[in-house]
Amino acid sequence: MLTFLSRLANNLGNFIYICRVKLSIIIPVYRVETTLDRCVESVVSQDFDDFELLLVDDGSPDGCPQMCDRWAASDHRISVIHKPNGGLSDARNAGLERATGEFVTFIDSDDYIGPGTLTAVISRMGNNDLVEYPIWQHYDNRRRQHLLNLENRQWDNVTDYWLGCQAYLHTYAANKVYRRWLFSDVRFPKGRVFEDAWTLPLLLKKRPKVATVSEGCYYYSDNPNGITAKANGTELAQLLEAHLTAQMPMDDLYYLHLLNLQMDVCRLTGCYPQLQARRVRPVGNIKMKLKAMMVNFIGIKGICTLNKATYKFSHW
């Protein structure tokens, strides 16, 4: 009888904990035996502890499922979802289906967050629906690493955030905390690469209140075999499609960013340009200004053809 009452009290305590959780942290797991412990440790050692950590084992064929189970057994805030392999988007979506927090955030299992990050970001949520914090890109590669610094700012509207903050350059699902209602009818696209670029515009079209903070840090580890490092023409075409399909507000700097992407897609695939022609003011650095003048003079098809020819010549 005492054992039954003890189990009942424990289950009731877990139920109350789940009901009151502030933040749901979703970590997809697949073939990350060497980095999973570092990732989870960076979460459980935070000074903010009102969270549930959902480890989504995406059918990992190595020792990751057992590692996830061990973490769950050691900390009542951690639970595991074991599922057949479906890819990163499917794993994140599985986590969203189980999430109970008022807020939700995503961490990739080969990355980690710095001390004090969750406290810094959650303290700035207030009435905001989305808060973005700094990210070290390619942190463990000195030649490629770059710190995306963000200012403490409340953005008046999503257009200012998208263009003024150049959010189109860092559409990462990570390094952001969201109110969970934003995902009420939004999921990451299965079978797509650069899934973050497809998803953030859908969230922004709900007109959330957005803020950026200068505190906290997400450490994005360098992966020389990852999609961002070795994307082929078909995959880059999906990234371009994501931006064009989103139909987000566009200024000249954003247009020139998409022009760079279009040039790469045409060079790698030979496809006809999809980006619509428009007059562009010379803005940005000297290379961007030169491209603006060239596209105004010879058009998108012309600059794509020239880019392909000069690339071949320079690689003879």
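The values are calculated or read from the model by the stated rules, or taken from the named source; none is laboratory data. These figures come from a predicted structure and were not determined experimentally. Cβ placement follows ideal geometry from the backbone for every residue including glycine, while neighbour counts extend to all protein chains displayed. Side chains included, ligands, DNA and RNA excluded: accessible areas come from the protein's heavy atoms. Shrake-Rupley method; radii C 1.70, N 1.55, O 1.52, S 1.80 Å.
General observations
- Screening Val295 on (1) touching a Phe, Trp or Tyr at 6+ places or on another chain (Cβ under 8 Å); (2) open to solvent by less than 20 Å² (accessible area, probe 1.4 Å); (3) in a helix (DSSP H, G or I) shows it passes everything except condition (1).
One line per residue, one yes/no per condition, for (1) among the hydrophobic types (A, V, I, L, M, F, W, C); (2) in a strand (DSSP E or B); (3) surrounded by fewer than 17 Cβ atoms within 10 Å (Cβ to Cβ); (4) touching a helix residue (DSSP H, G or I) at 6+ places or on another chain (Cβ under 6 Å):
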residue	(1), (2), (3), (4)
Ser24	no, yes, no, no
Val40	yes, no, no, yes
Phe48	yes, no, yes, yes
Glu52	no, yes, no, no
Asp57	no, yes, no, yes
Asp62	no, no, yes, no
Gln66	no, no, yes, no
Asp69	no, no, yes, no
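- Residues of the range 26-38 classified as outside any loop (DSSP other than H, G, I, E, B) and of a type outside the set (A, V, I, L, M), total: 3
- Residue count for the range 270-292, restricted to those that are assigned to a helix (DSSP H, G or I), of a type in the set (Lys, Arg) and more than 20 Å from Leu244 (Cβ to Cβ): 2.
- Candidates Tyr178, Tyr161, filtered to the one that is open to solvent by less than 60 Å² (accessible area, probe 1.4 Å), in contact with a strand residue (DSSP E or B) (Cβ under 6 Å, 6 or more places away or on another chain) and in a helix (DSSP H, G or I): Tyr161
- Hits in the range 113-157 - residues which are over 13 Å from the mean Cα position of the chain (by Cα), at pLDDT 95 or above and hydroxyl-bearing (Ser, Thr, Tyr): Thr117, Thr119, Ser123
- Checked against the criterion of being in contact with an Asp or Glu (Cβ under 8 Å, 6 or more places away or on another chain), of a type in the set (Gly, Ala, Ser) and crowded, with 20+ Cβ neighbours inside 10 Å, the range 209-216 contains one or more residues that satisfy it.
Residue by residue, here is whether (1) more than 21 Å from Lys190 (Cβ to Cβ); (2) of a type in the set (Val, Ile, Thr); (3) in contact with a Leu (Cβ under 6 Å, 6 or more places away or on another chain) holds:
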{"site": "Val32", "(1), (2), (3)": "no, yes, no"}
{"site": "Leu36", "(1), (2), (3)": "yes, no, no"}
{"site": "Leu54", "(1), (2), (3)": "no, no, no"}
{"site": "Cys68", "(1), (2), (3)": "yes, no, yes"}
{"site": "Arg77", "(1), (2), (3)": "yes, no, yes"}
{"site": "Gly86", "(1), (2), (3)": "no, no, no"}
{"site": "Ala91", "(1), (2), (3)": "no, no, no"}
{"site": "Gly95", "(1), (2), (3)": "no, no, yes"}
{"site": "Gly101", "(1), (2), (3)": "yes, no, yes"}
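- Residue in the range 104-120 that is surrounded by 21 or more Cβ atoms within 10 Å (Cβ to Cβ), hydrophobic (A, V, I, L, M, F, W, C), in contact with a Lys or Arg (Cβ under 8 Å, 6 or more places away or on another chain) and touching a residue at least 24 places away in the same chain (Cβ under 8 Å) present: yes
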